[in-house]
Amino acid sequence: MLSVVVFLPLAVCTALLLLPSRALSDRACGRVWIATATADLALVIALWASFDSRGGLQYQQRVRWIPSAGVGYHVGVDGLSLPLVALSCLLFLAVAVFSLRERRRVRSYVCLFLFLQTVSLGLFVALDLILFFVFFDLSIVGMFFVIAGWGHGERARAAALKFFLYTFIGSLALLLGFIGLYLAADPHTFDIVDLTRADPLAGRGLYAGLVLLAIGVGLAVKTPTVPFHTWLPPAHTDAPAAGSAILAGVLLKMGTYGFVRIAMPLLPGSWRRYALAIVVVGAVSVVYGALVALAQTDFKRMIAYTSVNHMGYIILAVGAAGTLAGSDAQTRSLAVTGAVTQMVSHGLITGALFLLTGVLYDRGRTYAIDAYSGLAAHTPRFAAVTAVAAFASLGIPGFSGFIAEFQIFTGSLASQTVATAIAVTGILITAALFLRALRGMFLGVPRLPRTIATRGIADLKGSEAMSTVALLAVALVIGVAPRWLLDVIEPAGHTVIGLVAR
Amino acid sequence: MNQNLTALIPELSLAGAAVIGLLAGSWLPRRRQWLIAALAAVACAAGLVATAVTMATDREQTVFFGQFAVDVATDAGRLIVLGALLLVIAMSVETVRGHKRETEYWVLLLLTGAGTLALIGANDLLMLFAAYLLASIPAYALAAFAKDARGTEAALKYYLMGALLGTTMLAGAALLYGAGHTTVYRALRTALPAAPYGLVAVGLVAVLVGLLFKAGAVPAHFWVPDVTDGAPTPVAAYVTTLPKTGALIAGYRLLHQALPASGVNWPLLLAILAAATMTLGNLAAFFQTSVKRLLAYSTISQVGYLLMALAVATRSDLAQKSLLFYLAAYAATNLGAFAVVTELPHARTLDDYRGLSRRRPALAAVLLVCLLGLVGTPPTGVFLGKLEIFSAAIDGGYTWLAALAVANTVASLFYYLRWLAPLFTPTAPAPADTQTVLGRWAAATAYASAAVSLALGIAGGAVLPFATGSLLP
C-alpha cells in the first residue's frame, strides 16, 4: 500500500514519457498531474484514517534487495513520517494546480515533479539507510533540473550548479556516516529499525562522535543551518515558484526529518553528548537567519532566509530533546512534537508564500520590495492572501506556526534556557521584517514597476488562489484544532525521546 | 599436474577466433568482412557460456602447475571482459564497416581481449608478463588504426610507455624471482616473508608499475588522454575499460595471493597511489572542453577509486566483491558514455552537445544515466560499487582515503555537470550537423550499456553473490 503511494507518481511519469509527444497536449499533461496528485493524496488520507497512533511503525513492507551489501527495501510510517508524507502529497497537489499556467516544456516539467514526488515520499517512508540515501540523492538531481531548466535565465544555471555541488557534498558526508553505522553493526546492516534496536555505537566515544559529525553535517547542509545555508538563497531566488515551494516545503524537511529519524535514535549517546553544540547551531540559525532576512530588499530572498530561521527552531528543539539535565521526558517529548509540527507548518505556510512570490514575479518580473507600493489597491485578493501567509509565518496564534513554536519553546526552555531566550527574539525580528515588507509593498501610494503594461496588474487567478488558500486553510485548521495532528505525532515523539535517553 | 584445457575455453575461443579470422579475412571480399565481426561476437558468447557453466557447476581449479587460476575473480572478470568486449564490438560496427583493414581490427580486438583474460587469471609472474604483452601489443596497433597523424602519435606514445614499463615489470619479476626463487604466487607467498626486504619492495614496485600502466593510473597515466583523444572512439572505449579490468584484477590477485605476509607496506603505497590518481584525474578533467579528453581524465579518476580496493585487499573482506562489482558497473557505464560519443562523431566539444535532449532525447537520457552513474548517483551500478568500495576502505582502516574519495566525487560532479547541463539547455542549440548520428549499432550499444548500468544498481542483490568467494592459491 505504502509502495503504491510512493511509486504511483513515478509510474505516471514513465507512462507520460513513453507516450508519443503528439498524443498528449500540454493541458492534458497538467490534468494528468493533478489527477495523480489527488489520487496520491486520497490514498494517504485513507492510510491516515486507518492509522493507529499508538501502534508505532505501520504499513511496513520489507523485501530483500541487496542482502549481501546489507541493503533492503524496507518502508513504513509512524507518527514522525506520516504527517510529512501527507504534507508532501498536499504540497505537490497545490503545486500541480498552481502550475496550470506553466507554458514552457510542460511535459518534462510535469514528469520532473512527478519524479520528485516519488522521491520525496520514498524518503519519508524509507526505513533503510541506503534507501533513504537513494531518495536523498535523487531529490538533488530532480531539483537541479527544475532550477536549471525553469529558473530565471543563466543565473539560475549557476544557482542550480551551486545547489547541486553543495547539497551533494552533504549527501556524501551522510553516506560516510551511514557506512560508519553499517560497519559498526554486527551483523552489518543498513536497516534503520535493526540499527535502532542494536544501538551499535553505544560507548564508542570518538568513532561515534565522528559518525554523528558526518551525518549531522550531511543533514545540516540539506536543512540548512548556519553555516551551511549559503546555497539556499540563490537556489530559491532563481528557481521557479513551484520549484521553490517544493524545495522549501518538502526538500528542506528531508534534513530535519533525518535528525529525528536517523541521528537521534541511532546515535543516542553522541546526540546527548553533543546536544549543546546542536542547540547552539539552532539558536544561531534562528537569530542569524532572521537578521539577514531583515536586511533583504528582495521579497523572495527574504522568505528564503526566514526558512533558515524556521529550520533553526527545529534544530534547537531536537538539540534540547537531547539534553537530559533539567528536563523530564514530557517536556523533551514536547520539544520533538513541536519540531515535527514545525516541519508541517513551515511546509504549508512557506510553500504558500513561495507560490505567492511566483505570482508577484509573473506580474511585475521582479522581486524587489521597493519596486512595488500600494499593491492592495490594485490586487486586493493577492494582498490579503499574502498578508495572511506572512502573519501565519511569523507565528501569530490561530495558525500552525504558533502551535509549533509554542511547543518548541516550552519544551526547550527548561533545559536550554539561555539558547531558548535568544531564539525567542527571532520571532520578534521576523515580525518586524514581514510587517516592513507588507507595508512597503501593499500599503502607501500605488506604484508599480515600469515593466508592467499600462492596463495594470492582474489579481490572483483561480488556480493561484485555490492552491495558496488551500495550504493556508490547512495551516489555520492545525492552528485552531491541532489535536488530530498532535495525536499522531506525540506518541512517536515520546518513542524518540525514549530512544535518545537510552 | 592439471592440464585441463576445458578450463580455458574463454581464452582459447578468443585466440582461436582470432586465428580463424585472420586466415578467413585474407580471402573474404571486403563487403563480407563483417563475418569476422560475427565470428568475434560468437567467440565472446561462447566464452560467456563456458564461464556460466564453470560457475554453475562450481569447477574452480588451477591449471598448469598452478600458473593460471580459474576462481571467483577469474569468472567474474571473464564475464565483465567478455560482456564489455561484446559492447565494444557492437559499437565499432559502423566505424570500421567497409574499411579495407576491417578484419585486422576484429582480430586485434580479439587478441588483446584474450590477453586481458589471461591477465585476470594469471597466478604466476611469468604468466602475468606474457599476458601483459598479449594484451598490450595488439592495443598499440589498434590505437593507430585510423593511420592519421593524431592516431599515430597516440600509438607511439602508448607503445613507448608500454615498452618502457613492460621492461620494468619484467625486471621486477626477475627481482621477485631472485628473492623468492619461484614465480608462482602460491610459493612466493611463503618464500617472500623470509626474503630481503629491499629486494621484495623494489621488485613489487616494478611489477606494479606495469599494471598501473595498463590500468592508466598515476604515475603511468600520461598516455590515457592522448590515446583516448587520438584513437578511433570505439578503440578509446576499449583502452579505457578492458585493460583496466584486467590489470586491477591481476594486481588484486598478486597482492592478495603473493604478498599478504611480506614486510612491505604495500597497502599504504596503494592508498597513496589511489589518492593521487583520483585527485589528479579529477583536477585535470575540470576544464577540458573536448568530450573525449574529459572522459579520459574521468577514467583516470575512476581507477583511483578502484585502487582503494587493492589497498585494502588483505585488510577487509569487502575488498574483493567491491572491486569486482565496481569494475562491472564501471565497464557498463563508461562504455555507455563512449557509445554516445561514437554515435555522435561530429560532436567533439562540450558545446556541440547543447540542446541534444530535444533532438535526441534517448541519447541524452543515456548520457544522463551514464554521467550521473560515473559520479555515483543512485540507483546506478557505480553507486553500489562506490558504496561497497568506501565501506571496504573504512573497514580496512583507511577512513582518510574514503573521505578523500568523497571529496573527489563531489569535485567530479562539477565537470560531469559541465557536460550534462548543456544537453538540457533549450536556448541556442548546437548546429544540427554536429549532432548527426552514426547508425543503429552504436545507438543500441548506448541503450544496452545504460540499461545494464541501471540494472546493476537496482538488481545488485542478484549480482553481488557472484563476486563473493575466496581466491584459489
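Check segment B:112-124 and report whether any residue there is more than 18 Å from the chain's Cα centre (by Cα) and crowded, with 24+ Cβ neighbours inside 10 Å. Checking segment B:112-124: at least one residue is more than 18 Å from the chain's Cα centre (by Cα) and crowded, with 24+ Cβ neighbours inside 10 Å. Filtered by the rule that a residue be of a type in the set (S, T, N, Q) and surrounded by 24 or more Cβ atoms within 10 Å (Cβ to Cβ), segment B:213-265 gives B:228, B:233, B:240, B:241, B:245. Residue A:177 fulfils the conditions (1) within 14 Å of chain B (Cβ to nearest Cβ); (2) surrounded by 22 or more Cβ atoms within 10 Å (Cβ to Cβ); (3) touching a Phe, Trp or Tyr at 6+ places or on another chain (Cβ under 8 Å); (4) touching a residue at least 24 places away in the same chain (Cβ under 8 Å) except for a single criterion, (3).
Residues considered: A:306, A:331. Of these, the only one that is hydroxyl-bearing (Ser, Thr, Tyr), at pLDDT below 95 and surrounded by fewer than 24 Cβ atoms within 10 Å (Cβ to Cβ) is A:331.
Pick from segment B:269-320 the residues that are among the hydroxyl-bearing types (Ser, Thr, Tyr), more than 16 Å from the chain's Cα centre (by Cα) and farther than 30 Å from residue B:465 by Cβ: which of them is surrounded by the most Cβ atoms within 10 Å (Cβ to Cβ)?
Looking at residues that are among the hydroxyl-bearing types (Ser, Thr, Tyr), more than 16 Å from the chain's Cα centre (by Cα) and farther than 30 Å from residue B:465 by Cβ, I get B:279.
Inside segment A:50-73, residues that are touching a strand residue (DSSP E or B) at 6+ places or on another chain (Cβ under 8 Å), without any contact (Cβ under 8 Å) to a residue 24 or more places away in the chain and either exposed (fewer than 14 other Cβ atoms within 10 Å of the Cβ) or in a loop (DSSP other than H, G, I, E, B) (or both) make up a count of 3.
Residue check: is residue A:243 touching a Gly at 6+ places or on another chain (Cβ under 6 Å) and within 26 Å of residue A:387 (Cβ to Cβ)? No.
Mind counting the residues in segment B:448-470 that are touching a residue at least 24 places away in the same chain (Cβ under 8 Å) and either in contact with a Lys or Arg (Cβ under 8 Å, 6 or more places away or on another chain) or within 14 Å of another protein chain (Cβ to nearest Cβ) (or both)?
Number satisfying all stated conditions: 12.
The numbered conditions (1) under 26 Å from residue A:234 (Cα atoms); (2) in contact with a Gly (Cβ under 9 Å, 6 or more places away or on another chain) are all true for residue A:269 except (1).
Which is surrounded by fewer than 23 Cβ atoms within 10 Å (Cβ to Cβ) and over 27 Å from residue B:334 (Cα atoms), of B:25, B:98?
From the options B:25, B:98, the qualifying one is B:25.
The requirement of being without any contact (Cβ under 8 Å) to a residue 60 or more places away in the chain, within 30 Å of residue A:103 (Cα to Cα) and either within 11 Å of chain B (Cβ to nearest Cβ) or in contact with an Asp or Glu (Cβ under 8 Å, 6 or more places away or on another chain) (or both) is not satisfied by residue A:183. Among the residues making up segment A:9-44, those that are within 17 Å of residue A:120 (Cβ to Cβ) and touching a residue at least 40 places away in the same chain (Cβ under 8 Å) are A:9, A:10, A:12, A:13, A:33, A:36, A:37, A:38, A:40, A:41, A:43, A:44. It is to be established whether one or more residues within segment A:321-336 are touching a Pro at 6+ places or on another chain (Cβ under 9 Å), assigned to a helix (DSSP H, G or I) and hydrophobic (A, V, I, L, M, F, W, C). No, segment A:321-336 contains no residue that is touching a Pro at 6+ places or on another chain (Cβ under 9 Å), assigned to a helix (DSSP H, G or I) and hydrophobic (A, V, I, L, M, F, W, C). Within segment A:120-132, the presence of a residue that is within 14 Å of another protein chain (Cβ to nearest Cβ), over 26 Å from residue A:345 (Cβ atoms), modelled with pLDDT under 95 and surrounded by fewer than 23 Cβ atoms within 10 Å (Cβ to Cβ) is excluded. Of everything listed in (1) aliphatic (A, V, I, L, M); (2) buried (at least 21 other Cβ atoms within 10 Å of the Cβ); (3) more than 20 Å from the chain's Cα centre (by Cα), the single unmet condition for residue B:442 is (3).
For every residue, the table says whether it meets (1) free of Cβ contacts under 8 Å to residues at least 24 places away in the same chain; (2) within 26 Å of residue A:291 (Cβ to Cβ).
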| residue | (1), (2) |
| --- | --- |
| A:425 | no, yes |
| A:430 | no, yes |
| A:433 | no, yes |
| A:439 | yes, yes |
| A:444 | no, yes |
| A:460 | no, no |
| A:465 | no, no |
| A:475 | no, yes |
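The criterion of at least 1 residues that are facing chain A (nearest Cβ under 9 Å) and among the hydroxyl-bearing types (Ser, Thr, Tyr) is met, among helices (runs of 4 or more DSSP H) falling completely within segment B:348-430, by B:356-359, B:381-395, B:399-423.
Screening residue B:14 with (1) part of a helix (DSSP H, G or I); (2) over 13 Å from residue B:82 (Cβ atoms) gives one miss only, at (2). Criterion applied to B:74, B:167 was being β-branched (Val, Ile, Thr), within 28 Å of residue B:188 (Cα to Cα), part of a helix (DSSP H, G or I) and under 18 Å from the mean Cα position of the chain (by Cα), and the one residue passing it is B:74.
Do we have any residue at all in segment A:93-110 that's within 13 Å of chain B (Cβ to nearest Cβ) and buried (at least 22 other Cβ atoms within 10 Å of the Cβ)? Yes, because at least one residue in segment A:93-110 is within 13 Å of chain B (Cβ to nearest Cβ) and buried (at least 22 other Cβ atoms within 10 Å of the Cβ).
Residues in segment A:415-458 that are assigned to a loop (DSSP other than H, G, I, E, B), of a type outside the set (Ser, Thr, Tyr) and surrounded by fewer than 17 Cβ atoms within 10 Å (Cβ to Cβ): 10 in all. Of all the residues in segment B:207-235, those that are touching a residue at least 60 places away in the same chain (Cβ under 8 Å), under 27 Å from residue B:349 (Cα atoms) and more than 11 Å from the chain's Cα centre (by Cα) number 17. As a summary of the residue check, residue B:335 satisfies the conditions (1) in a helix (DSSP H, G or I); (2) modelled with pLDDT under 90 except for the one numbered (2).
Of everything in segment A:137-152 that is more than 9 Å from every other protein chain (Cβ to nearest Cβ) and assigned to a helix (DSSP H, G or I), the residue that is farthest from residue A:66 (Cα to Cα) is A:150.
Among the residues of segment B:193-206, those that are touching a residue at least 12 places away in the same chain (Cβ under 8 Å), more than 21 Å from residue B:115 (Cβ to Cβ) and surrounded by fewer than 24 Cβ atoms within 10 Å (Cβ to Cβ) comprise B:193, B:195, B:196, B:197, B:199, B:201, B:202, B:204, B:205. Scanning segment A:459-483 for residues being over 21 Å from residue A:396 (Cβ atoms) and surrounded by fewer than 13 Cβ atoms within 10 Å (Cβ to Cβ) gives a total of 1. Taking residue A:158 as the residue in question, decide whether it is away from chain B (no Cβ under 14 Å), surrounded by fewer than 24 Cβ atoms within 10 Å (Cβ to Cβ) and part of a helix (DSSP H, G or I). Against the criterion (away from chain B (no Cβ under 14 Å), surrounded by fewer than 24 Cβ atoms within 10 Å (Cβ to Cβ) and part of a helix (DSSP H, G or I)), residue A:158 does not qualify. The requirement of being more than 22 Å from residue A:358 (Cβ to Cβ) and not in a helix (DSSP H, G or I) is satisfied by residue A:398.
The values are calculated or read from the model by the stated rules, or taken from the named source; none is laboratory data. Predicted model only: the values in this text are computed from it and were never measured. Don't worry about glycine lacking a Cβ; one is built from the backbone with ideal geometry, like all the others, and counts go over all protein chains shown.
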